[in-house]
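I have placed the structure first, in the form of structure tokens, so that the comments after it can refer back to it.
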Amino acid sequence: MNQAFAQSEFTIRKKVFSIMGAKLHIYNHAEELVFYSQMKAFKLKEDIALYTDESMTRELLRIKARNVIDFSATYDVQDSETGEHVGSLRRRGLKSMVKDEWIIMDAGGKEIGLIKENSLFMALLRRFITLIPQKYNIEMDGEAIPAFRQNFNPFVTKIIADFSEDRRGKLDRRLGLAAGILLCAVEGKQE
């Protein structure tokens, strides 16, 4: 596994206005670019490749939707260098209409955790006032880890993925980073 995944904090930035598709820049705690992704515009089936930099010569991770336009989509996460299936993330369709929720699954398809918006009241308010930033917790083994927070900026979607509370390393950082990317790219399409 690439050492860049061993970080405990990432900043995922997506420019809102991009004609050729979304560009994701992912920085470490020292604000150095560690990953880059360029998503094609107007795709019916999400297929996101994560690279070491903007040259896009070395692919590290692939996040791929199983189906075309699926309200409860499942995204498989694969390590591009080893071919290892890291796990999957499934959006809870109907539940996510009120409060965003994702299921985290291991490589065998077993549910190992959840990603949830932190507050039902704020989630409902966000459905009407999109300027309110979102916050998500990861729930694993009865513990809630405040892992993702969105910063408000009308031109750049920015999510801080902070795994420092996961001191025992329950969540594979590749899967955690893939979740942050999906929150930025997929949930961001609701706005």
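The values are calculated or read from the model by the stated rules, or taken from the named source; none is laboratory data. Since the model is a prediction, treat every value here as computed from it, not as a measurement. Neighbour counts are summed over all protein chains in view; Cβ atoms, including those assigned to glycine, are modelled from backbone coordinates with ideal geometry. For accessibility, only protein heavy atoms count, side chains too; no ligands or nucleic acids. Shrake-Rupley method; radii C 1.70, N 1.55, O 1.52, S 1.80 Å.
Say we look at segment 63-82 and pick out the residues that are under 18 Å from W102 (Cα atoms) and among the charged types (D, E, K, R); which of these is modelled with the lowest pLDDT?
D70
Can you pull out the residues in segment 1-15 that are under 15 Å from R62 (Cα atoms) and not hydrophobic (A, V, I, L, M, F, W, C)?
Once the filter is applied, which keeps residues that are under 15 Å from R62 (Cα atoms) and not hydrophobic (A, V, I, L, M, F, W, C), segment 1-15 yields only N2.
So I159 passes all but one of these: (1) open to solvent by less than 70 Å² (accessible area, probe 1.4 Å); (2) in a loop (DSSP other than H, G, I, E, B). Which condition number does it fail?
Unmet condition: (2).
Okay, residues lined up against (1) out of contact with any Gly (no Cβ under 9 Å at 6 or more places or on another chain); (2) at pLDDT below 90; (3) closer than 18 Å to S88 by Cα:
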{"residue": "P154", "(1), (2), (3)": "yes, yes, no"}
{"residue": "I160", "(1), (2), (3)": "no, no, no"}
{"residue": "R173", "(1), (2), (3)": "yes, no, yes"}
{"residue": "L177", "(1), (2), (3)": "yes, no, yes"}
{"residue": "A185", "(1), (2), (3)": "yes, yes, yes"}
{"residue": "K189", "(1), (2), (3)": "yes, yes, no"}
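Out of F121, F128, which single residue is modelled with pLDDT under 95 and closer than 18 Å to R149 by Cβ?
Values: F128 fails: closer than 18 Å to R149 by Cβ.
After applying the criteria, what remains is F121.
Filtering segment 9-28 down to residues that are open to solvent by 30 Å² or more (accessible area, probe 1.4 Å) and at pLDDT below 90, which residue is nearest to L177 (Cα to Cα)?
Going through the qualifying residues, I end up with K23.
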